[in-house]
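A quick write-up on the structure given underneath.
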Amino acid sequence: MSTLEHHGTYQPTTGLGKWMDARLPLPRLMYDSFVAYPVPRNLNYAYTFGGMLSIMLVLQILTGVVLAMHYNGSTVGAFTSVEHIMRDVNNGWLLRYMHANGASFFFAAVFLHIFRGMYYGSYKEPRELLWILGCIIFLLMMATAFMGYVLPWGQMSFWGATVITGFFTAFPVVGEPIQQLLLGGFAVDNPTLNRFFSLHYLLPFMIAGVVVLHVWALHVTGQTNPTGVEIKSKTDTVPFTPFATIKDAFALIVFFLFFAYFVFYMPNFLGHADNYIEANPLVTPSHIVPEWYFLPFYAILRAITFDIGPLTSKLLGVLAMFGSIAVLFVMPWLDTSKVRSAVYRPWYKVFFWLFVVNAIFLGWLGAKPAEGVYTFLAQLSTLYYFGFFIVILPLLGLIETPRRVPNSITEAVLAKSSKRSGGAAQDAAASTDNKA
Amino acid sequence: MSDTTTTENEELPTRRDFIYVATGMLGVIGAASVAWPFIDQMRPDAAVLAAGQPIDVNLEAVEPGQAITVTWRGKPYFVRRLTEDEIASASELGEGDMKEFAPIETRLGGEEVKDWVIVSANCTHLGCVPKVIDTKPEGWNCPCHGSVFDMTGRILRGPAATNLPLPPYVFTSATNLVIGTDQA
């Protein structure tokens, strides 16, 4: 986009730099993307999870590749090889705990990243494709995490795999053949474990590929910002380095402090004790629960306990669960509001925070047994989840009166700082307005 | 260069058009043929299918009121011997008590061996192994999502929509059961 005026141009100074630039201008691409690239001057810490996620992806791939050197992908050896990693392999416990907790922190960051996008309207024109690429990454992450959880071949691994591949039997006629195609047999067994290991190794690299597209699309449209107003002039932006770089680095270190606390002091807090029991096809654990990051979707699956016409509760539950993710893809077209950021949408703000609370509540319900009042609450919660997207988003844009949106990012920033320091900055605001 | 000739030339298929279409079609057929083995290899392989041979189950040690779990094709199956009371409680259930009605005779072993119930041990909801319970007329409940089955594996309530399926089986004698075929 022509409005994105860069802060400076790459000038190779060394002989090697000039030689490279004439042949493969990779340093130039890096300079343009991560040094001189203009970012809005008003970005807050909600805009830091993207960078964090790319670092987490690298960390997961690194620890994963190393763990695969010691892992045995067969039903006979899988469980013992994980214990072998924990006890015998040098620092194996650390690498495995980093990998297992890394998955959780990866999801924590991606949820915050998605909520950020929803709050500041990052999905709206012209960033629909950017948003959809993000949704694809999220789907790939879920598939990767699910298959990774099967690999230790514990009780939760086995029964989680049985339940999740069982989703496909909900579809009439084609369901059972599809399930057998996924499992490579009639039940979860050695062929299943082998192919899950293969795909678990493959998918992160596909995620990395989609991340490249995601960042490319981001750098074409430019980042959104808390005001939701597009970049209009160079005064609206600051160079990526040092401003965004140092901000992201600081947030990353804080994030790693939490991560390290989990890895070193409570590495199994987010896991399930049942997964330290070897898989047994004859005994189901008394309470099957997925990993915490799947709980809201699991609650939606179990909320549907009623049939509608010829559609069974089982099929409807599976459709609702898939639908809860599919609806994210069409979010850019469900929101009819002209105003991008929730900062200027008084009602959307309320419904958004309700959505967040509701999502957390669904997660809590997902961990409870599926009976009695929990089922009813899950049904209410599921109703709000879909109601938010299908009813509230389209209607609210038509009836809500938004607050006045500033003319530019610079105006918003200066208005804020003048409020803080009294009238002193007002002159500055006026003079910038004249310039614009 | 007259306009008419050009239009005529554009409308008539040329040898190059023919080669485009022919190459494209052969390419699609070729790609599909190559894709097939990649998909086909995921289906249950010969070793998995061979492991699906019928199995013999010795019933001598099973008393009325007991249930054992056996494995066929890598999946668990319940073999349960009912008491007179349990059969009676299951017989009292009517069409309104369950989500998928099946007459009790169709669920039991047969004339000579009607105290036996042989059903899949994977819940028809999402495949967990239900727990054997004895709160008549309830015979199984699933710990995962709360489906409840009667003494003969018929679905009473919960998210599962269908009864526990019956595998093909045959009694070769009063104390020997074969699961995996209904041919004696």
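Do we find that B:G110 is within 29 Å of A:P172 (Cβ to Cβ) and loosely packed, with under 15 Cβ neighbours inside 10 Å in this structure? No: the conditions fail for B:G110.
The residue that is nearest to the chain's Cα centre (by Cα), among those in region B:66-88 that are of a type in the set (A, V, I, L, M) and surrounded by fewer than 20 Cβ atoms within 10 Å (Cβ to Cβ), is B:V70. For B:V57, are the conditions met, namely being of a type outside the set (G, A, S), out of contact with any helix residue (DSSP H, G or I) (no Cβ under 9 Å at 6 or more places or on another chain), surrounded by 13 or more Cβ atoms within 10 Å (Cβ to Cβ) and under 30 Å from A:L193 (Cα atoms)? Answer is yes for this residue. Does A:T382 count as closer than 29 Å to B:L126 by Cα, at pLDDT below 95 and assigned to a helix (DSSP H, G or I)? So A:T382 fails the test. If the condition is being among the hydroxyl-bearing types (S, T, Y), part of a loop (DSSP other than H, G, I, E, B) and surrounded by 17 or more Cβ atoms within 10 Å (Cβ to Cβ), then region A:276-296 contributes only A:T284. Might you let me know whether region B:89-101 holds any residue that is surrounded by fewer than 18 Cβ atoms within 10 Å (Cβ to Cβ), among the charged types (D, E, K, R) and under 22 Å from B:P44 (Cβ atoms)? No - not one qualifying residue is present in region B:89-101.
When region A:358-408 is filtered for residues that are loosely packed, with under 15 Cβ neighbours inside 10 Å, of a type outside the set (D, E, K, R) and within 14 Å of chain B (Cβ to nearest Cβ), the ones remaining, listed by number, are A:A367, A:G372, A:V373, A:F376. Restricting the first member to region B:146-158 and to residues that are within 11 Å of chain A (Cβ to nearest Cβ) and over 20 Å from A:V163 (Cα atoms), and the second to residues that are charged (D, E, K, R) and assigned to a strand (DSSP E or B), no beta-carbon pair is closer than 9 Å while six or more apart or on different chains. Taking the criterion of being more than 14 Å from chain A (Cβ to nearest Cβ), surrounded by 14 or more Cβ atoms within 10 Å (Cβ to Cβ) and aliphatic (A, V, I, L, M), the residues of region B:165-181 that qualify are B:L166, B:V170, B:L177, B:V178. Counting only residues that are polar (S, T, N, Q) and surrounded by fewer than 16 Cβ atoms within 10 Å (Cβ to Cβ), region A:19-44 holds 2 of them.
Tell me, please, whether a residue that is assigned to a loop (DSSP other than H, G, I, E, B), modelled with pLDDT under 95 and surrounded by fewer than 21 Cβ atoms within 10 Å (Cβ to Cβ) can be found in region A:157-169. No; the residues of region A:157-169 include none that is assigned to a loop (DSSP other than H, G, I, E, B), modelled with pLDDT under 95 and surrounded by fewer than 21 Cβ atoms within 10 Å (Cβ to Cβ). Kindly establish whether A:G271 is touching a residue at least 12 places away in the same chain (Cβ under 8 Å) and at positive phi. So A:G271 fails the test. If you scan region A:171-194, which residues turn out to be surrounded by 21 or more Cβ atoms within 10 Å (Cβ to Cβ) and among the aliphatic types (A, V, I, L, M)? Listed by number, the residues that qualify are A:L183, A:A187, A:V188, A:L193.
For region A:45-142, the helices (runs of 4 or more DSSP H) that sit wholly inside it and include 3 or more residues that are surrounded by fewer than 18 Cβ atoms within 10 Å (Cβ to Cβ) and touching a residue at least 60 places away in the same chain (Cβ under 8 Å) are A:49-68, A:92-119. One residue stands out in region A:164-184 among those that are of a type outside the set (A, V, I, L, M) and touching a Ser or Thr at 6+ places or on another chain (Cβ under 7 Å): the one that is nearest to B:A47 (Cα to Cα), namely A:G184.
Residues that are more than 12 Å from chain B (Cβ to nearest Cβ) and either surrounded by 24 or more Cβ atoms within 10 Å (Cβ to Cβ) or aliphatic (A, V, I, L, M) (or both) within region A:297-318 comprise A:I300, A:I308, listed in sequence order. Can you list residue pairs whose Cβ atoms sit under 7 Å apart, with the first residue in region A:181-193 being more than 8 Å from chain B (Cβ to nearest Cβ) and on the phi < 0 side of the Ramachandran plot and the second being among the small types (G, A, S) and not in a loop (DSSP other than H, G, I, E, B)? Count only pairs 6 or more apart in sequence or on different chains. Short answer, once both residue conditions are applied: A:V188/A:A161; A:T192/A:A161; A:L193/A:A78.
The values are calculated or read from the model by the stated rules, or taken from the named source; none is laboratory data. Predicted model only: the values in this text are computed from it and were never measured. Methodologically, a virtual Cβ is constructed for each residue, glycine included, from the backbone with ideal geometry; neighbour enumeration extends over all protein chains shown.
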